[in-house]
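Asker: Dropping the structure in here first, questions after.
Please treat every number below as a calculation from the coordinates, not as lab data. The model shown is predicted, which means the values in this text are computed figures rather than measured ones. As a convention, Cβ positions derive from the backbone with ideal geometry for all residues, glycine included, and neighbour counts pool all protein chains shown.
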Amino acid sequence: MADTHLDSPKADAGIDLTQFYQVFFEEAGENLDRLEQLLLAIDLVTADDEVLNSIFRCAHSVKGGAATFGFGDVAQLTHQMETLLDKLRRHELEPTAAMVDVLLQAGDALRAQLLRHQGGGAAPACDTEDLQSALRSLADGQPAPASARPAQPATPQAVASPVPAAAPARAPGNEARGLELRVGPLEQPEQAESLADLFKEIADLGSFEPLDGGQDADGVRRFKVVTTSSDADLLELFSFHVAPDKLSLMPLGPGYGFHEGAPGAPESTEAEPEFGFFEGAPGAPGAASVASAASAPVAAAAGEAGGVAPVTPQRSAAAKPSAAAADASTLRVSVEKVDQLINLVGELVITQAMLAQTSSKLDAAVFQQMAAGLADLQRNTRDLQESVMSIRMIPMSVVFNRFPRMLRDLAAKLAKKVEFVTQGDSTELDKGLVEKITDPLTHLVRNSCDHGIELPAERLARGKSETGTITLAASHQGGSIVIEVRDDGKGLSRRKLLDKAREKGIDAPETLSDSEVWSLIFAPGFSTAEVVTDVSGRGVGMDVVKRNITGLGGTVEIESCEGFGMSVKVRLPLTLAIMDSMSVGIARETYILPLSSVVQSFSQSEQQMMTIGGSQGQVVRVRDEYLPVIDLEQVFEVPRNGALAPPSILVVVESGGMRMALRVDELLGQQQVVVKNLEANYCKVDFVSGATILGDGRVALILDVDSLVRRSRH
Amino acid sequence: MQDTSSSALRPASRTEVGVPTSRQEYLSFKLGAEEYGIDILKVQEIRGYEPPTRMANVPDYIKGVVNLRGTIVPIVDLRIKFRLDAAEYNDFTVVIILNVSGRVLGVVVDGVSDVTSLCADQIKPKPQFSAAVDADHIVGLGTVDGRMLILIDIERLVSSGELALGQSPGSLQ
């Protein structure tokens, strides 16, 4: 797919972006589907604000993605849609049927444009000028020019058809050809249909489409065939179904009546010469040579490039198969299915542990074979568990890699100098979260670049370096995943925000705390940017960010210092994450501590315990530092049932730069645990960030060190 | 609770308000001496009682959480919730796993009796209680072979927030 972009306007598309095209196309497709559904369901008289906002967001998301990937035509059209939709949701205009029609057409045109990009941009560009002007005049409150309508319906078809033709294009040495197959005259024209089945059954054969709308003329039916096989092979294959003397193959003539007589005729004839775009199109020779050269030299280059290595071979492989083949290499499976698998494997592990425990009592000499079998079972179960877990976990770098290119383009457009830094790329995050966090992060990063970072001259005037820095950092913290978007730009202005809020009619007294003022930017329609650009400034970004993150059960925190930059921290709960942990015992109960927050542990008796203000304020001296001691037995009201507390062990934990010591009875060990959240079926429990299932099937609570530390402060 | 049965037999209270009209199946279970019924369609499974993992700072009727094939499920002891005299845990103590408004939870009861099919005329409206008896979640009283079945709307009980289970997952949006 990548190589076919050579002839597209964005021939310089970054290497690392192409791997995300598929994701974008899928996302955009979903957004357009939703847009269409919402538009179709909309009630013009009493249009719901929520629906209008949703429609707007669909268009906005498509636009954002398209701009990121450099699909200018898509971004342009969505921009016009957005302008109209923005007025609708602000109630500056009332929705009319004409608007819905034009918006739906625009949706169709977008689909066609996306399909064109997906097919490699070889098909003729869709002319959306009429649509755009229709959208513009509607947005200006005038009725749509009538001419805008008839031009459109033909476009999606005309553009859509060459794409399947691209599908069978395979090895560059053996190029796909467009052929016309005449079958007949046959007594039963339906016989010809069986040929179509052949193409369905044999995946590599190519594509097969009826011409003349599948109708026979005098018993003769015509089909369009795009294949890499030779004529002889094809005829031999077809002769299983139709007598060879009734078959004739000929090259597909230019402008051959593919859409003959159809309303879209002029456009479709234009499309015809492009059919075998692997032969004739300007990009084709390049495609072939790149693909064939890809094997050795590129691989070598990739080896030198180190980290890029996995990407490059993948790309050269992707150059050969078409969009259809790219679909087959990944499988979209619903998260529930994976979750179910994970749960089943968890059960299996527990059962296996039980078997192992029971069998250990048996005489190994007698049940030698069974013991060996159980050992195998144990190993296989562990491998299985690891593989299943790895399905869901992907490193943050997958998300982070999307940004450098986007920022580069954005910075160039805004004439700013921006350096992009990532931290914690390898922090693993649940797949479901990664998918959902990408859009909000994109908004945040764009915002940072657009609103945060100043122009180079301005930066120099303020005594900062010319180049601004945007940092994306991910880490596991206190049982959550924290993703921070930080910039060293101008930060938020308290004054501006308050003024803007009042202008918007939001109640904003001077007494608001800083953090309350910062959170004003999450109000719908709130934007402090003076000009609405296609980058940002419509004020849609932040409320979507907030909504998406809240939907994930997370929180957004903003820290800002005017003149020095701001940081947006997205804190997400661990719905499913694997965590290195330390398990501790208190009386007969087991609790889990995130290993990342454990600093050290020691026996209490070795150290000097002191009290401040009576027994309530216990402190312990560790390395010349006095740390507060928290007795977990008290916090969790652990029943002792009269048993005497054994000599305690203190575990020093750290969170947010604060240290403290937790008193426990014993350390039970370190292990990786799967974090489950309690909120799914219950609610948040104090000082507990989640739960996990121990080897014996019992549930153990995971301590929220962060909130324990905060508690000790108050 | 004695007046419960007598008032149910009172013919004056035969106005059937808020009672399902068609035939419905109920799972009946015992809490102490009382017999209750819940809509069978809300029941996911029935398990023996196993000690759950205790949690601190939660109401006393929340016994803790258990692992149900990888899902963390809270366990509510209805005997404590309904303020019955004793809550013993023995071999007959069972946990009914319910699936209510997208949430899975287990309720501890003294034993499950059977599944009873009740039609509308077997269900009498609940009598008026003084404020001392919390009857919001009772939909009616069923009569089966002379036994009285207290029919509870478990969905209402769970989603009312009375069980302090927090927001239901569906209402988070």
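Asker: Cross-link candidates for B:K63: which lysines have Cα within less than 27 Å, leaving aside residues fewer than 8 places away along the same chain?
Answerer: Here the lysines satisfying the reach criterion relative to B:K63 are A:K676, A:K684, B:K30, B:K42, B:K81.
Asker: Taking amide hydrogens as modeled 1.01 Å from N in the peptide plane, which residues meet the under 5 Å criterion relative to B:V100, leaving out close sequence neighbours?
Answerer: Those lying under 5 Å, H to H, from B:V100 are B:L105.
Asker: Arranged by the count of other C-beta atoms within 10 angstrom, fewest first, what order do B:R156, A:R663, B:R54 take?
Answerer: Exposure proxy ranking, most exposed first: B:R156, B:R54, A:R663.
Asker: Also, quick follow-up: Subtract the Cα-Cα distance of A:D696 and A:S493 from 0.36 nm times their separation in residues, and report this length gain in nm to one decimal. Walk me through the intermediate numbers first.
Answerer: Numbers: separation 203, 0.36 × 203 = 73.08 nm, distance 5.46 nm.
Using 0.36 nm per residue and subtracting the Cα-Cα distance, I get 67.6 nm.
Asker: Can you work out ³J(HN,Hα) from phi for every residue in the stretch A:341-352, in order, using Karplus 6.51 cos²θ - 1.76 cosθ + 1.60 and θ = phi - 60°, giving whole Hz and x for Gly and Pro?
Answerer: Per-residue couplings from phi come out as 4, 4, 5, 5, 5, x, 4, 4, 4, 5, 4, 4 Hz.
Asker: Let's test the formula: R0 of 30 Å, r as the Cβ-Cβ distance of A:K337 and B:E50. What FRET efficiency results, to the nearest 0.05?
Answerer: Taking R0 as 30 Å, the efficiency between A:K337 and B:E50 is 0.60.
Asker: For A:E129, what charge total do you get from the other residues with a beta carbon under 13 Å from its beta carbon, if Lys and Arg give +1 and Asp and Glu give -1?
Answerer: Residues near A:E129 contribute -2 overall.
Asker: Now a separate question. Work through the residues other than A:E484 whose Cβ is under 14 Å from its Cβ and net out their charges, Lys, Arg +1 and Asp, Glu -1.
Answerer: Residues close to A:E484 contribute a combined charge of -2.
Asker: Counting only other chains, and only Cβ atoms inside 10 Å, what mean value do you get across the residues of B:54-62?
Answerer: Working: counts 8, 10, 12, 7, 4, 0, 0, 0, 3.
Partner-chain Cβ atoms within 10 Å, mean over residues of B:54-62: 5.
Asker: Under the 0.36 nm per residue contour assumption, what length would be gained going from the current alpha-carbon distance of A:E516 and A:L595 to full extension?
Answerer: Net length gain for the segment: 25.1 nm.
Asker: Give me, ordered by chain and number, the residues 5 or more places off B:G111 or on other chains with an amide H under 5 Å from its own placed amide H.
Answerer: B:K30, B:V94
Asker: Still on this structure: Got a sec to turn the phi values of the stretch A:58-74 into Karplus ³J(HN,Hα) couplings, 6.51 cos²θ - 1.76 cosθ + 1.60 with θ = phi - 60°, whole Hz, x for Gly and Pro?
Answerer: 4, 4, 5, 5, 4, 4, x, x, 4, 5, 4, 8, x, 8, x, 5, 5
Asker: Under a plain spin-label model, where a point goes 7 Å from the Cα along Cα-to-Cβ, how far apart in nm are A:R90 and A:A365?
Answerer: 8.9
Asker: Then there's this: For a footprinting-style exposure proxy, rank A:S137, A:S465, A:S61 by other Cβ within 10 Å, fewest first.
Answerer: Fewest-to-most ranking of A:S137, A:S465, A:S61: A:S465, A:S137, A:S61.
Asker: What ³J(HN,Hα) values, in whole Hz, does the Karplus curve 6.51 cos²θ - 1.76 cosθ + 1.60 give for the stretch A:83-99 when θ = phi - 60°, with x put for Gly and Pro?
Answerer: 4, 5, 5, 4, 5, 5, 6, 8, 6, 7, 10, 9, x, 10, 4, 4, 5
Asker: Another question, then. Work out the mean other chain Cβ neighbour count within 10 Å for the residues of B:66-78 and drop it here as an integer. Could the numbers behind the result be given before it?
Answerer: Values: counts 4, 14, 3, 8, 13, 7, 13, 4, 6, 1, 1, 0, 0.
Mean shielding by partner chains, rounded to a whole number: 6.
Asker: What is the ratio of the Cα radius of gyration of the stretch A:578-712 to 2.2 N^0.38 Å, where N is its residue count, to two decimals?
Answerer: Here the answer is 1.03, to two decimals.
Asker: For A:V652, what residues show an amide H to amide H distance below 5 Å, using hydrogens built from the backbone and excluding near sequence neighbours?
Answerer: A:V599, A:Q600, A:S601, A:F602, A:L662
Asker: A further question on this structure: Cross-link partners among lysines for A:K416, C-alpha distance below 20 Å, same-chain residues fewer than 8 apart left out?
Answerer: Within reach: A:K464, A:K490.
Asker: A:L667 to A:T467: extension gain in nm, 0.36 nm per residue of separation minus the Cα-Cα distance?
Answerer: Gain on extension, A:L667 to A:T467, equals 67.1 nm.
Asker: Can you sort A:K417, A:K676, A:K496 from fewest to most other Cβ atoms within 10 Å of each residue's own Cβ? Each step should come with its number before you reach the end.
Answerer: Details: A:K417 16, A:K676 25, A:K496 12.
Fewest-to-most ranking of A:K417, A:K676, A:K496: A:K496, A:K417, A:K676.
Asker: Something else now. Determine the relative contact order of the stretch A:335-392: mean sequence separation of Cα pairs under 8 Å and six or more apart, normalised by residue count, in whole percent.
Answerer: 60
Asker: How big, in percent, is the set of alpha carbon pairs in the stretch A:335-392 lying more than 20 Å apart?
Answerer: Value for the stretch A:335-392 (Cα pairs over 20 Å): 34 percent.
Asker: Using 7 Å Cα-to-Cβ label points, what is the A:E654/A:K417 separation (nm, one decimal)?
Answerer: Distance between label points: 3.5 nm.
Asker: Give the value in nm², to one decimal: projected area of the alpha carbon convex hull of the stretch A:395-573, averaged over all directions.
Answerer: If you wrap the Cα atoms of the stretch A:395-573 in a convex hull and average its projections, you get 10.1 nm².
Asker: Label B:E88 and B:N57 with points 7 Å out from Cα along Cα→Cβ: what is the distance between them in nm?
Answerer: Those two pseudo-labels are separated by 3.5 nm.
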